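**Student:** There's a structure below that I have some questions on.
No value in this document is a laboratory result; all are computed from the given coordinates. Computed from a prediction, not measured in an experiment: that's the story for all the values here. Positions of Cβ are generated from backbone atoms using ideal geometry, with glycine treated the same way; all protein chains shown enter the neighbour counts.
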Amino acid sequence: MPLTISCAGDAEFAARIRDVLAESGMEVSIAEDEVEAQEEDDDDGNNNRQAKDLVKRYVASVGGGHSVIEFGDVLVVGIRSEPEALGLYVCDQCGFQGVSQEGIDEHKKLHGGYLFMPAFL
């Protein structure tokens, strides 16, 4: 199965990743901001391990706040933003995100309710 690398709208960064993978001898194609790479399964059945490693190392080497999030055979490359910078509020107990502090305060009440439930329920 091919590895898909989505560069979150950054076609120039996708082209640079394509070049890195192509230089390593992989079969690579690109469509706007998305790169597909194909490599053979290794002896352990780990498909696309070399391609994933190359992408992660390249992204780490260029800096600029880029990070890689992996979902099976899909890598998403982009600049991570903190929820607060996007106007979201975050529950400090579980990470739930809401659009208002009042909503987060109501959400936090759910945590307290489970802490004090009787043992016989």
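**Student:** Could you go through region 90-98 in sequence order and give the Karplus-derived ³J(HN,Hα) for each residue, using 6.51 cos²θ - 1.76 cosθ + 1.60 with θ = phi - 60°, rounded to whole Hz, and x for Gly and Pro?
**Tutor:** Couplings: 10, 6, 6, 8, 9, x, 4, 10, x Hz.
**Student:** Pop the C-beta distance of A31 and L86 into the FRET formula with R0 = 35 Å and round what comes out to the nearest 0.05. Walk me through the intermediate numbers first.
**Tutor:** Working: r = 27 Å, r/R0 = 0.79.
With R0 = 35 Å, the Cβ-Cβ based efficiency is 0.80.
**Student:** Against the longest alpha carbon principal axis of the chain, how many degrees, from 0 to 90 and to the nearest 10, is the axis of helix 49-62 turned?
**Tutor:** Result, in degrees: 80.
**Student:** State, as an integer percentage, the relative contact order of the chain based on alpha-carbon contacts under 8 Å between residues 6 or more apart.
**Tutor:** Here the relative contact order equals 20 percent.
**Student:** Would you calculate a helix-derived [θ] at 222 nm for the chain, using -39,500 (n - 2.57) for each DSSP H run of n ≥ 4 and dividing by the full residue count, to the nearest 500? Please list the in-between numbers first.
**Tutor:** Working: 3 runs with 42 residues, N = 121.
Using -39500 (n - 2.57) per qualifying helix, the result is -11000 deg cm²/dmol.
**Student:** How far is helix 11-23 tilted, in degrees, relative to the longest principal axis of the Cα atoms in the chain, given as a value from 0 to 90 rounded to the nearest 10?
**Tutor:** For helix 11-23, the angle is close to 50 degrees.
**Student:** Please report, largest first and rounded to whole Å, the three semi-axes of the ellipsoid equivalent to the chain, where each semi-axis is the square root of five times an eigenvalue of the C-alpha gyration tensor. Please list the in-between numbers first.
**Tutor:** Working: eigenvalues 318, 77, 22 Å².
After scaling each eigenvalue by five and taking roots: 40, 20, 11 Å.
**Student:** Shifting gears a bit: Quick one: longest stretch of the chain between exposed loop chymotrypsin sites (Phe, Trp or Tyr not before Pro), exposed meaning at most 13 other C-beta atoms within 10 Å and loop per DSSP?
**Tutor:** Counting at most 13 other Cβ atoms within 10 Å as exposed, the longest clean stretch of the chain is 1-115.
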